[in-house]
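The values are calculated or read from the model by the stated rules, or taken from the named source; none is laboratory data. Since this is a predicted model, take the numbers as computed values, not measurements. No Cβ is skipped: glycine too gets one built from the backbone with ideal geometry, and neighbour counts run over all protein chains shown. What goes into the accessible areas is simple: the full protein's heavy atoms, side chains included, and nothing from ligands, DNA or RNA. Shrake-Rupley method; radii C 1.70, N 1.55, O 1.52, S 1.80 Å.
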Amino acid sequence: MATLSLHERLCAINEPRLSATDMIKDLIECLSITLTSSSVRRNTHTLCTAISRSRDLCNKINSLISASSNEDDWTSFDAYTVMVDPLEQFLLELAELSENPCIGSLDGGLLISEWIEAGKLWADNRRTTTKTLASLFETGHFKSTAAEVELKDLTLFRQHDDNAFLDELIQESSSRSSGQKSKFSSDGWSCLENTLPKLRAIRSKLQLGGKNDMTEYSVKFMLVFVGIVEVTAKTSDKVTRQHLGSHEVLSKVLAFSILLENHLDNKTDDPKLQSQREAQWKQLIDALLKASDQGIARIFPSVASPSFNELKKFPAKIRPPYYLQCLVLVQCCRDLLKEHADKSPQPAVEPVQRALASVTTALQAAAKLSQAAAGVKPNVDALKTAEVDNAFTTAVKAILFPQKLMQEARDGDASRYDAWKDKLKWISGNSPAPTVEVVVKVSGKAAPSLKLKDETCSLTLASWHNRY
């Protein structure tokens, strides 16, 4: 008897192939290829559970479709038609998360903000995936096809993936900090050394059973710790290295590790502890980011100030049909600056200058169109021109931004623009209803004016007694 590979098992959809589940089958195959490739480093157990559950549901849908053709009633028809769309949606979301992981091989950039953002995205994606996957076991039309043991396994697989990631982060924390003592202040290095055993203690206590909130905080914290070591050891910016390697920052890192360990000792996680965690986490992040913006300005003094900071003013000045595209270009410039700031020892300034100049030209042109109509009912047709369109196209080419995101922004702007034009046309063809002003006097004093929609309206007055 032939042994099936993991990919073959996950894609084992019963024949015949039916059009209603073609998309589901293809998405399962794509996800299976992603899982079995070497590009997937973590969350493998959760992803495997999601694929196998989707495969079972696809087979269930196919069997219901076959049964519905031979039944006199509509029971099977009603059962499968409510399952197809939510299963497709789940697989599409899962495919996007799997193909674009927020955390790759931990080869992070040399800006601490990137490590902080990676932790936030990881927590968001974990929460979304876990909740959506649970719905494939627990939600009405899926619940009847879920075995109780499978739902329990889902929780265990999630814990396994979390623990594996924590183990990886602890290993990276230890290996990357080895031999880097000279990059830190003496007091800062002492705090860092004292934090390492705290990380291992946190990991051990989580394995005994930690709440989701504590797991998320622990992973985000360990990611930041790895980021601090990585940036301090490799950045070419002296001020950033001194700041992150200082006792001021690393004492807060040590304090937060102690807080996490103590909170894990509490069997009940009351709101006071949650508030304390949130407040101390915010203090840590604020301390880490203290020198971040100034660091960019030091690395790129010729472009970071004032031109780069001026970009933040454009979204407030631009109307559809360029608003969403404006947001994309501004974010793109920020990402480009971070990317080049990571390059050591001498960052390339010219590409950033060219991109910033092209983006600024496009946004200035769009702002000029919007400002010409500020404060009045605009001629919406005049808010979009070929000249500005060309300026945005040039900016996109200069900045090498992903075309897909820019096209989505362009489509969104076009949709809003058309809807706006329709509303303005309706307003121009309809005038407000006539009004009648009535002044009611009570005890000789005039009450506020009341406006009625037309002369035929009835008026009901409530008498208020003067209590004073």
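Shown are Ile170, Ile51, whose ranking by accessible area with a 1.4 Å probe and every protein chain present, most to least, is Ile170, Ile51.
Neighbours of Ala367 by Cβ distance under 14 Å: Lys/Arg scored +1, Asp/Glu scored -1, total +4.
Quick check on packing: order 117-123, 323-329 by the mean number of other C-beta atoms within 10 Å, highest mean leading.
The peptides rank, most packed first, as 323-329, 117-123.
For Trp420 and Asn390, a Förster radius of 22 Å and the Cβ-Cβ distance give a FRET efficiency of 0.45, rounded to the nearest 0.05. In plain terms, the chain from Lys282 to His7 could stretch by 94.7 nm, reckoned as 0.36 nm per residue minus the Cα-Cα distance. Computed packing ranks the peptides 355-363, 135-143, 174-182, 55-63 as 355-363, 55-63, 135-143, 174-182, most packed first, by mean other Cβ atoms within 10 Å.
Entry note, region 183-250: relative contact order of 60 percent, from Cα contacts under 8 Å with a spacing of 6+ residues.
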